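Encoded as structure tokens, the structure appears first; notes follow it.
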Amino acid sequence: MVRIAIDSGHGLYTSGKEVPSYMGYGKIKEWELNDKITREMIRLLNQYENVEILRTDDPTGKRNVPLKERTDKANAWGADLLISNHHNAGINGKSGGGLVVFRYPNSKKFTKEMQKSLYDCLIAETGLKGNRANPLAEANFHMLRESKMAAVLIE
């Protein structure tokens with residue numbers, strides 16, 4: 001059995017986390033985009049045998065579940081992998097846009113090879129533009145640092 005914990009980044013009411021006005025889409029909260037990705041991931045993963053899914057954020061988006069609560073929930077459940085979904089607000093827009101796959105610095109649970117493979121698959125399957133400056137990044141983000149399992153944050 002493979003256990004995968006997934007979250008949709010920020011809550012619906014997290015201040016400032018929305019599509020910038022310069023992109024011409026109006027006010028779309030980042031959580032709304034993240035939630036669509038999370039729901040589709042869960043739908044696809046549920047088609048496999050021996051896969052269990054745990055959603056660590058609030059599926060309604062109304063409660064901004066603290067990061068510690070999310071990682072504690074995934075750790076207590078015994079997840080094998082944690083995926084935190086985010087949207088890079090600059091994609092196809094201003095500087096800093098494009099897909100980025102983050103891992104914890106020097107992680108032995110989510111290796112550079114795993115990171116590169118995931119990045120390549122995401123680019124190939126989605127047609128998204130990768131962040132040319134730093135598509136395979138390392139960061140000391142709470143979700144990556146405090147998880148006991150392999151963890152990745154996709155921006």
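Under a 5 Å amide H to amide H cut-off, with H placed in plane at 1.01 Å, what residues pair with I6 once short-range neighbours are removed?
Hits under the 5 Å cutoff: L54, R55, T56, I83.
Over the range 23-155, what relative contact order in percent results from Cα pairs under 8 Å that are six or more residues apart?
Once divided by the residue count of the range 23-155, the mean separation gives 30 percent.
What part of the accessible area of the chain, given as a whole %, is carbon or sulfur when the probe is 1.4 angstrom?
On the chain, the fraction of accessible area on carbon and sulfur atoms equals 54 percent.
Among T38, T111, T56, which one shows the biggest mean-square fluctuation in a GNM of the chain, springs joining Cα atoms closer than 10 Å?
T111
How large is the accessible surface per residue of the chain, computed with a 1.4 Å probe and reported in Å² as a whole number? Display every interim value, and only then the final one.
Numbers: 8760 Å² over 155 residues.
With all protein chains present, the chain gives 57 Å² per residue.
Using the beta-carbon distance between N106 and H142 and R0 = 22 Å, what value does 1/(1 + (r/R0)^6) give for FRET efficiency, to the nearest 0.05?
Efficiency computed from Cβ-Cβ geometry: 0.85.
For D72 and Y48 in one chain, what is 0.36 nm times their gap in residues minus the Cα-Cα distance, to one decimal in nm? It would help to have the intermediate numbers written out before the result.
Values: separation 24, 0.36 × 24 = 8.64 nm, distance 2.56 nm.
The span from D72 to Y48 would gain 6.1 nm if fully extended.
The values are calculated or read from the model by the stated rules, or taken from the named source; none is laboratory data. Keep in mind that this is a model prediction, so the values were computed, not measured. FYI the Cβ positions are ideal-geometry reconstructions off the backbone, even for glycines, and counts take in every protein chain you see. Keep in mind that these areas ignore ligands, DNA and RNA; they rest on the heavy atoms of the full protein, side chains included. Shrake-Rupley method; radii C 1.70, N 1.55, O 1.52, S 1.80 Å.
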